[in-house]
Amino acid sequence: MTALTAMQLRLQAAALNLVLPLAATLLLTASAKISVPFYPVPMTLQTFVVIGLGFVLGSRRAAVAMLLYLAEGAAGLPVFSGTPEKGIGLAYMLGPTGGYLLGYLPAVLLAGWTVSRGWAVNGLAASLSALLAGAIVYLPGLLWLGAVIGFDKPVLQYGLYPFILGDVTKAILAALLFIAGRGAIKGRAGR
């Protein structure tokens with residue numbers, strides 16, 4: 001390998017490390033804006049995309065994308081669900097859904113980590129990985145929600161129960177699409 005070829009490869013990798021997270025934030029923003037009317041908060045496609053990004057980009061790139069997305073929101077860009085109508089920036093992030101937004105970071109890390117360990121090799125294993133990644137969003141989400149509205153309120157009734165079926169469905173779909181996409185790529189590479 002020549003020095004020029006090595007430098008070209010490094011530049012391509014650097015460009016990819018910049019472009020992929022930026023493209024991922026656009027996908028995250030679009031997924032936040034696609035919502036299904038639901039009570040008490042509209043159901044979006046964000047967890048579907050979060051899990052998918054972890055699977056596809058891996059832990060490191062997906063984490064960079066998530067941190068960039070959160071920084072965009074903190075800076076006041078209307079990237080989250082309900083923005084700008086329900087506020088923007090840190091004021092929005094400090095509201096009832098702020099913990100769920102923060103929970104996206106460990107979710108992408110976990111999804112990417114399971115793929116890097118070879119755990120998401122078939123539909124069942126990928127689905128279990130996706131369910132675990134989706135569930136981890138709830139830990140900071142419910143704790144934050146309780147801190148905002150008060151733990152004397154039915155936090156689980158507001159922030160967990162109404163979303164279980166939708167989030168399970170989104171997690172399994174993300175896993176199955178990942179497995180199908182990976183299989184299609186391997187099939188084309190083998191031709």
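Please treat every number below as a calculation from the coordinates, not as lab data. Worth saying up front: this structure is predicted, and the values here are computed from it rather than measured. Cβ atoms come from the backbone with ideal geometry, glycine included; neighbour counts cover every protein chain shown.
Data table
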read-out: Net lengthening on full extension, residue 67/residue 149 (0.36 nm per residue, minus Cα-Cα); value: 27.0 nm
read-out: Neighbourhood charge, 13 Å Cβ-Cβ cut-off, centred on residue 49 and excluding it, Lys, Arg +1 and Asp, Glu -1; value: +1
read-out: Extension gain (nm, one decimal) between residue 75 and residue 8, 0.36 nm per residue minus Cα-Cα; value: 20.7 nm
read-out: Dipole in debye (nearest 20) - the chain, about Cα centre, beta carbon charges: Lys, Arg +1; Asp, Glu -1; value: 720 debye
read-out: Mean ellipticity per residue at 222 nm, deg cm²/dmol - from DSSP H runs of n ≥ 4 across the chain, formula -39500 (n - 2.57); value: -25000 deg cm²/dmol
read-out: Over 21 Å [Cα-Cα, the chain], rounded percent; value: 53 percent
read-out: Chain lengthening between residue 161 and residue 121 when straightened (0.36 nm per residue, less Cα-Cα); value: 11.4 nm
read-out: Neighbourhood net charge (12 Å Cβ-Cβ; Lys/Arg +1, Asp/Glu -1) for residue 17; value: +3
read-out: Amide H within-cut-off set for residue 43, under 5 Å, with H built and near neighbours excluded; value: 36, 38
read-out: Pairs of alpha carbons in the stretch 134-173 whose separation is greater than 12 Å (percent); value: 57 percent
